[in-house]
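The structure appears right after this line, and notes come after that.
The values are calculated or read from the model by the stated rules, or taken from the named source; none is laboratory data. Computed from a predicted model, the values in this text were never measured in an experiment. Note that each Cβ is placed from the backbone with ideal geometry, even for glycine, and that neighbours are counted across all protein chains shown. Ligands, DNA and RNA are stripped out before the accessible areas are found, and what is left, the full protein with its side chains, is counted by its heavy atoms. Shrake-Rupley method; radii C 1.70, N 1.55, O 1.52, S 1.80 Å.
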Amino acid sequence: MDNKKKTIWETADPSALEAFCADYRNFLSACKTERECVAAMTAELKEAGAKSLAEVIAEGGSLQAGDVVYADMMKKSLVVYRIGTRPLTDGFRFLGAHIDSPRMDLKQNPLYEDTDLALLETHYYGGIKKYQWVAVPLALHGVVVKKDGTAVDVCIGEKPEDPVFGVSDLLIHLSGKQMEKNAATVIEGENLNVLVGSKPLSGEEKQAVKANVLALLKEQYGIEEADFISAEIEVVPAGPAREYGFDRSMIMGYGQDDRVCAYPSFRALMDVKDPEYTSVCLLTDKEEIGSVGATGMHSRFFENSLAEVMNILGCYSELELRRVLTRSKVLSSDVSAAFDPNYPEVMEKNNCAYLGRGPVFNKYTGSRGKSGSNDANAEYIGFLRGLMDRDSITFQTSELGKVDAGGGGTIAYILANLGLEVIDFGVAVLNMHAPYEITSKADVYETYRAYKTFLK
């Protein structure tokens, strides 16, 4: 196989490509947290007439070919099933992506005042280069849950009339010692404090700036300082996703790892309305910190939902569930590192991904000696090559950098532990884990086409 795939601009339908990417940019701009992703997709599912698993169970209902049913886990993970024409006991086709992204989270007691400035303390989430998060406009997204259970949604910094926030950096004139530090320590994690105010509250003598911020929060959101204890507020880059480059051929935006795969996965399931095999789309949380917790891939959320669907279809047993898993095929819809001509030394050019050459198969990820990776079998890759060629899908293969350069992981190995056939397959990304990541429109659209082919 020729690994030097040509770009797909000449072969793609330009109007379809641009329309899909415009919708994707809108999604990326509006959905910067896992909760926002689940809320937006759940709203679309309801509008399309889909029912939640809980509704179907409560009604004692049934499921027929073409029906769509879904379940969420704590509003931060989502699984969607479209029933196929074949029995579920023949296995299913599964697209699995994650909807969490690197960011900063507010601590539980975040607000303080220092030298007439009000700041919020944070704890960064996932693998970030901390120096990239200073001196850029930031927004606050999340939810505050009060003692009485009332939930207050928070989104400040996205509307043109909204204020934005930020982490200050040391001026170059006084940063001699700072510039001598290595990149890992030039900004310390405990110094990622977000500046949120400088105006004192009239009549207050002590911590008047903090008091003014609290007064504004009380007036606009009904939030008390103690309510931060039961809040989940994420600090993310402010502003919409944008077209990138003179030719507008790329997309720049926050959180494309991994929403650039999550969105096409969801769209593919919604658009392939008559699959032979039952289609499954799982959008999960906590991948950036090891897929742990009740909303991560290591939880039993997916298995439990599958058991419920099988029970509705009248084919559930613990043994049959295990058999169904081993008869199923998975694309772990996750991103790959794109070749960057500014940093060629970390890539091996014959085995890396390039912008504009289509979605990327990563046979294995892990680090160095494939540690911690899924390693897909040749038979499964051969099967997928046949599918892609059938619909003239342009694709490429890649490793995650040179053998000793580093590495990373996805949810693929967790699904492989259940006995499913699985391989990583997604979009190549520049600036991965930076506040603003870059993708090719051609790759985004071709990935969507590839996912539809897989589900068919």
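Scanning the stretch 307-317 turns up no residue that is more than 16 Å from the chain's Cα centre (by Cα) and closer than 21 Å to residue 36 by Cα. Looking across the stretch 118-131, just one residue is in a helix (DSSP H, G or I) and open to solvent by 50 Å² or more (accessible area, probe 1.4 Å), and that is 131. Under the condition of being hydroxyl-bearing (Ser, Thr, Tyr) and touching a Lys or Arg at 6+ places or on another chain (Cβ under 8 Å), the residues counted in the stretch 328-345 number 1.
Does the stretch 82-91 include one or more residues that are outside any loop (DSSP other than H, G, I, E, B) and crowded, with 20+ Cβ neighbours inside 10 Å? Yes - at least one qualifying residue is present in the stretch 82-91.
In the stretch 173-182, the count of residues that are of a type outside the set (S, T, N, Q), out of contact with any Asp or Glu (no Cβ under 6 Å at 6 or more places or on another chain), within 29 Å of residue 226 (Cβ to Cβ) and open to solvent by 30 Å² or more (accessible area, probe 1.4 Å) is zero. Residues in the stretch 1-37 that are open to solvent by less than 10 Å² (accessible area, probe 1.4 Å) and modelled with pLDDT of 95 or more: 17, 21, 24, 28, 31, 32, 33, 34, 37. Scan the stretch 27-55 for residues that are free of Cβ contacts under 8 Å to residues at least 40 places away in the same chain, of a type in the set (A, V, I, L, M) and over 26 Å from residue 101 (Cβ atoms) and the total you get is 1. Somewhere in the stretch 284-297, is a residue open to solvent by less than 10 Å² (accessible area, probe 1.4 Å), part of a strand (DSSP E or B), in contact with a helix residue (DSSP H, G or I) (Cβ under 7 Å, 6 or more places away or on another chain) and of a type outside the set (Phe, Trp, Tyr)? No, there is no match, as no residue in the stretch 284-297 is open to solvent by less than 10 Å² (accessible area, probe 1.4 Å), part of a strand (DSSP E or B), in contact with a helix residue (DSSP H, G or I) (Cβ under 7 Å, 6 or more places away or on another chain) and of a type outside the set (Phe, Trp, Tyr).
Among the residues making up the stretch 56-80, those that are exposed (fewer than 13 other Cβ atoms within 10 Å of the Cβ) and either without any contact (Cβ under 8 Å) to a residue 24 or more places away in the chain or of a type in the set (S, T, N, Q) (or both) are 58, 59, 60, 62, 64. Within the stretch 398-443, the set of residues being open to solvent by 20 Å² or more (accessible area, probe 1.4 Å), over 30 Å from residue 322 (Cα atoms) and hydrophobic (A, V, I, L, M, F, W, C) comprises 400, 403, 405, 430, 432.
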